[in-house]
Structure formats: structure tokens, C-alpha cells
Amino acid sequence: MAPPADAGRFSRPLGGSVPPSAPHRTPDGQIYWDPEVLRSELDQFFYRNWLCVGREEDLAETGDYVTRTVGRESVLLVRDPTGAIRGFYNLCRHRGTRVVLEDGGKGARSFICPYHAWSYDVTGRLIGAPHMRGQEDFDRKEYGLHPIRVDTWGGFVWVNLEPAGPSLKESLGPFFTRFDRFPLAGLRLGGRNVYEVEANWKIIVENFSECYHCAPVHPSLNRLTPYLSGDNDASFRQNGGRSLFSGGFMEFAQDFQSMTRSGYTTRPLLSGMTPEDRKRVYYYVLFPNTFFSLHPDYLMIHHGWPVSPSHTRVENEFYFTPEAIAAPGFDPSDAIGLWDEINRQDWAVCELAQQGMGSRAWSGGRYSDQEELVRDFDEFVLSEYTRSRPAPGTSLDP
Ligand code: FES
Ligand SMILES: [Fe+2]
């Protein structure tokens, strides 16, 4: 969808000149439509924070690899012979060509650039470069794939395109400690949906951060977990700053057991579930773009990948215990089908909000008392626009 014809009214220059909105007012439309804002967000949020990009099970054996698109970047992840997962920018050191074109594969020994056939091993070393022998100032050792930082938690693989900075644990440790008691690393993918949503990635985060809309938009969800149930996790403000996650939980009405079409489940619950946990669904946003939703019998993950200011690709994955998957007649559609319905309801209202926020009449609205986490997210985003950060590192090689 093209920006509105009068998008020029959003022509305030960025970088130090976007003022934080008043605490009770939602942002105006510029940050949802302006390509320069998205460019700045990719640089400041997506390329400088830890991003959850996959599962260790996707990289089970040496040479197994996946590629992921993050904004303008393509990232290559591969299991090396020592068992470590390595990450690289997916571009050739000769003339910058994309090296690996497929989404993933098994047992690679090397990656060969499709242009002039420079080749790299699974540790990123340049191992073949035709007609380069004896070229001035050329040392093969200096032309390996550019590495990126990789870490894991809970069976998930995370990358950070910033060469230095806080570790994954320093960034999200307080979130991890809330869920370390569950056997998340052992869960296995039971289903996946991908959605192309005509809305800015922040609208999708904002939408996930409140259930004010749940009664009018999600009757099935509201029946199982009434929108006023549960509580917010007050942890998002720590040491005067904002943590990189926010969320809380909702509680099942009556004797409902899980987010399924019936509200009940015959699947075994995740070990580690206390009686309190069994009455709850935990919902967290891991800044900038992952949603973590833990149900008594499954884990749901959303990733929102910005494609343009008004387009986000949302990946929605469902992880179950190996026992549940191995059980005769395993059928996750009771959960996945319900969430597909809820997702589509969400995307519809997100798209309507995106459209309205492009109007010349839109100059921001008001938060209700149900939108504390939305306000916190918006304030955090706006404050990050004006925070000066060091230029991206130029020393990418170890
Ligand atoms: S660009 Fe890769 S070999 Fe030339
Ligand atoms: Fe929703």
C-alpha cells in the first residue's frame, strides 16, 4: 500500500528532533508511515538488539544452515564441526553478492558464491578464490564471511548484528529467569503460520500489548480469558530505564485449561507448571519484535519482521512437548486454529489503524487505563529515536 498522498506532512527530520509525545497521548502518524523512520528503527533497534531468529533444532547437525532476512540484511546461521552455531552476514567478500539463496539446508561443507565462485567453509573462512593468487594486498585469511554474534536460550537461536555490546543474558536475563523452570529447549515445532500484514511493525506490538480490544475483537479469546483478568508484570521499568521486555498474564475463566477451541486440552502440561501457572497464559513482548506466549500445554511465538513502513511479515509458531507430539492422534489444530482466528482478527484491526494513522486529520489519540504497556512501548520507542548511539562498529572481524 502506498503512503497517503499528503505523507509529506510527516516531513519532520528525524534524529534528535522527534519529541517524546505527551504521556497521555499516542504518537502521531509519522512514525508509522515514514520510510526514514523505519530505516532509523532498523539501524537502532533491529541491528543493535538481540533478535530471536530460529530454533536449535533447525541446526541439528554439522553443516545444517538457515538464512533469515532482517530488514535490509540477510543472516546466515550454520552449525560448525565443533557443535557451535555460527552467524554471518550472508554476503560475499568479493563484490558483495548474496551467497546463500535458499531458506536453509542440511550438511553443507561449504558455501559457494553464485557470482564468481568464491567459497567459504562452515566456519566462514574463505577457502576458494579463483584468480586471486598473488593479487596485491590480498590475504585470504582477511576475507572470511563477516561474523555476527549468536547465542541461545530455551532452544531458541538469537543473533545480534552489533559487533559489541550487552550479551544476550545481560539484555534479557531477567526475562529468562521467569521461564527457566520450564523445559523450553526440549519443545518441538508443531505448526506454523505466516501472515503478510499491511501495518507497521509497531502497531502489531502495540496491539499485542493490550487486551482493551479483546471484548469487541476476540469473542473466543475473551470467553476463555476475560480481558480484565490477569495482571501486568511491573518489571519493565528497572533502574530508571526500561527493560527490553514487557508483558504479564491473563487468567482462565471457569475451569478452562488452555487456549484451544474448547478451552480444554488433553495434552500433557509442560513440566514445571505450578497450580498458579496452570490457570494462566503468559504474554510477553521481547523488544523489538518477538512475542512469547506460554500456555499450560504449549508455547506460542510470534516474530514481526518489518518489510516496509506499512507492511510486516508475521511468523507464528507453536511448540509442544515431544510426548504430546508422539501421542497417537496428535492434533494441534485446536490451538493453532483458534490462534489463526485471533491473529486474523488482530491483523484486520491493525490494518485499519495503519490506514487511519495515514490521514491528514490524525495527530495522535489518548491511552485508556488498559494501555499501560502500549504507552510504555511508545515512550520507549520515541525516547530511543532521540538517544544518541555510537556509530555502528566497523570492526566486524574477531
Ligand atoms: S561476488 Fe562473490 S565471487 Fe564475486
Ligand atoms: Fe488481539
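The values are calculated or read from the model by the stated rules, or taken from the named source; none is laboratory data. This one's a predicted model, so the numbers in the text were calculated from it and none came from an experiment. Counting neighbours? That spans all protein chains shown, and the Cβs are built from the backbone with ideal geometry, glycine included. For accessibility, only protein heavy atoms count, side chains too; no ligands or nucleic acids. Shrake-Rupley method; radii C 1.70, N 1.55, O 1.52, S 1.80 Å.
Conditions tested, residue by residue: (1) modelled with pLDDT of 95 or more; (2) under 18 Å from V205 (Cα atoms); (3) assigned to a loop (DSSP other than H, G, I, E, B); (4) open to solvent by 20 Å² or more (accessible area, probe 1.4 Å).
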| residue | (1), (2), (3), (4) |
| --- | --- |
| G16 | no, no, yes, yes |
| P19 | no, no, yes, yes |
| E61 | yes, no, yes, yes |
| L77 | yes, no, no, no |
| F88 | yes, no, no, no |
| V99 | yes, no, yes, no |
| P114 | yes, no, yes, yes |
Search result, residues across the range 259-280 that are surrounded by fewer than 22 Cβ atoms within 10 Å (Cβ to Cβ) and touching a residue at least 40 places away in the same chain (Cβ under 8 Å)
R261, S262, G263, T265, P268, S271, G272, M273, R280
Scan the range 184-199 and give yes if some residue there is within 16 Å of ligand 2 (Cβ to nearest atom), part of a loop (DSSP other than H, G, I, E, B) and surrounded by 16 or more Cβ atoms within 10 Å (Cβ to Cβ), otherwise no.
yes
Matching residues in the range 131-182 - criterion: being part of a helix (DSSP H, G or I) and open to solvent by 50 Å² or more (accessible area, probe 1.4 Å):
R140, K141, E142, Y143, K169, E170, T177, R178
Determine which member of the set R149, R125, R133 is closer than 29 Å to P81 by Cβ, in contact with a strand residue (DSSP E or B) (Cβ under 6 Å, 6 or more places away or on another chain) and among the basic types (K, R).
R149
Filter the range 108-145 for residues that are away from ligand 1 (no atom under 13 Å from the Cβ) and under 27 Å from the mean Cα position of the chain (by Cα) and give the result.
A108, V122, T123, G124
(1) within 13 Å of the chain's Cα centre (by Cα); (2) crowded, with 22+ Cβ neighbours inside 10 Å; (3) aliphatic (A, V, I, L, M): which one isn't true of M300, the others all being true?
(2)
